[in-house]
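Report on one structure; see the data block that follows.
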Amino acid sequence: MRPIIAPLFIIMLGTAWLLNTIEFYPEIDWFLTSTIAFVGIAPFALWGFDKFTFVVGSFFVIWSVLTFLRQISVITLSLELPMLVIIFGTLMLLAKILPIKSPPWVIEHSRRHRK
């Protein structure tokens, strides 16, 4: 999946630019919203599903949804920011209690420091 990340990012960038240019839902900053979503999807595409990608990837995807909702006036920034803090903590907690595998670099680090 790694070889296609850069082309997908360029496609996303061009699509966001086009949506902004044609003023498709002009209240939405498509570049911001889609970039945040892309940053959330990229860890899963690059490294698969583990505790790290679960927290980081999910956080950015949820952030893009909240940013979209803020831009269409469903929520305000004063709600979005504390919601993001709560969501980040919840994702961290879930990564600890759910049976999700640790990333390889954490496993390797643990092995080196056990000896």
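Nothing in this text is a laboratory measurement; each read-out follows from the coordinates by a stated rule. Fair warning: this is a prediction, and the values are worked out from it, not measured in the lab. Here Cβ is always computed from backbone atoms with ideal geometry, including for glycine, and neighbour counts include all displayed protein chains.
For the chain, adding -39500 (n - 2.57) for each run of n ≥ 4 DSSP H residues and dividing by the number of residues yields -26000 deg cm²/dmol at 222 nm.
Within 15 Å, Cβ to Cβ, of S73, how many net charges do the neighbouring residues add up to if Lys/Arg are +1 and Asp/Glu are -1?
On the way: positive: R70; negative: E27, D29, E80.
Once positives and negatives cancel, what remains is -2.
To the nearest 10 degrees, how steep is helix 51-71 against the longest Cα principal axis of the chain, on a 0 to 90 scale? Here the helix axis deviates by roughly 20 degrees.
Rg/Rh for the chain (Cα atoms only, Rh after Kirkwood) is 1.07.
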